[in-house]
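Heads up, the thing below is written out as structure tokens.
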Amino acid sequence: MELWETIKDKATDLGRSAVKESNRMVETVKGNFSVSEAEAVVRKLKLELGELVYAAYQNQEELPADTAMEKCKEIDAKIAEAATMKEELAKLKNQKKCENCGNVTSRTYDFCPKCGHSL
Ligand SMILES: [Zn+2]
């Protein structure tokens, strides 16, 4: 009887950790998707900037500096957004980023395996 209780408890624990693990996997997939979405927006904005520059050149005009600056700032903001999401994702995957070289590695390491920097 006691053995059965132990088995039942173990099974419940396993069930709980499986649910937790699958939630974590769902979050990871969602996170990967958000990062690639943000990166796609960055590419799109850069393309738009390029098109503005070329259109101005074709019209033998100069692209107004504030128009270019505005686009660049938009790009910066999206890049920062993607970087934040990447960091969140690394936490979710139990990873951390080396402050020195940017290498992403397991949280269990005390030193970066790439550059030796203390983590
Ligand atoms: Zn490093």
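Just so you know, all these numbers are worked out from the coordinates, no wet-lab data involved. Values in this document were obtained by computation on a predicted structure and should not be read as measured data. Here the Cβ is made from the backbone with ideal geometry for all residues, glycine too, and neighbour counts use every protein chain on show.
All of L45, L52 fail the test of being in a helix (DSSP H, G or I) and under 30 Å from V104 (Cα atoms), apart from L45. Cβ separations smaller than 9 Å between residues 6+ apart or across chains give the following pairs from the range 90-113 residues that are within 14 Å of the ligand (Cβ to nearest atom) to residues that are part of a loop (DSSP other than H, G, I, E, B) and acidic (D, E): C112/E99.
With respect to E74, determine if the residue is more than 16 Å from the ligand (Cβ to nearest atom) and surrounded by 13 or more Cβ atoms within 10 Å (Cβ to Cβ). Considered against the rule, which asks whether it is more than 16 Å from the ligand (Cβ to nearest atom) and surrounded by 13 or more Cβ atoms within 10 Å (Cβ to Cβ), E74 comes out as yes. Looking at the range 29-44, can you tell me whether even one residue there is exposed (fewer than 15 other Cβ atoms within 10 Å of the Cβ), of a type in the set (F, W, Y) and under 14 Å from the mean Cα position of the chain (by Cα)? Taking every residue of the range 29-44 in turn, at least one turns out to be exposed (fewer than 15 other Cβ atoms within 10 Å of the Cβ), of a type in the set (F, W, Y) and under 14 Å from the mean Cα position of the chain (by Cα).
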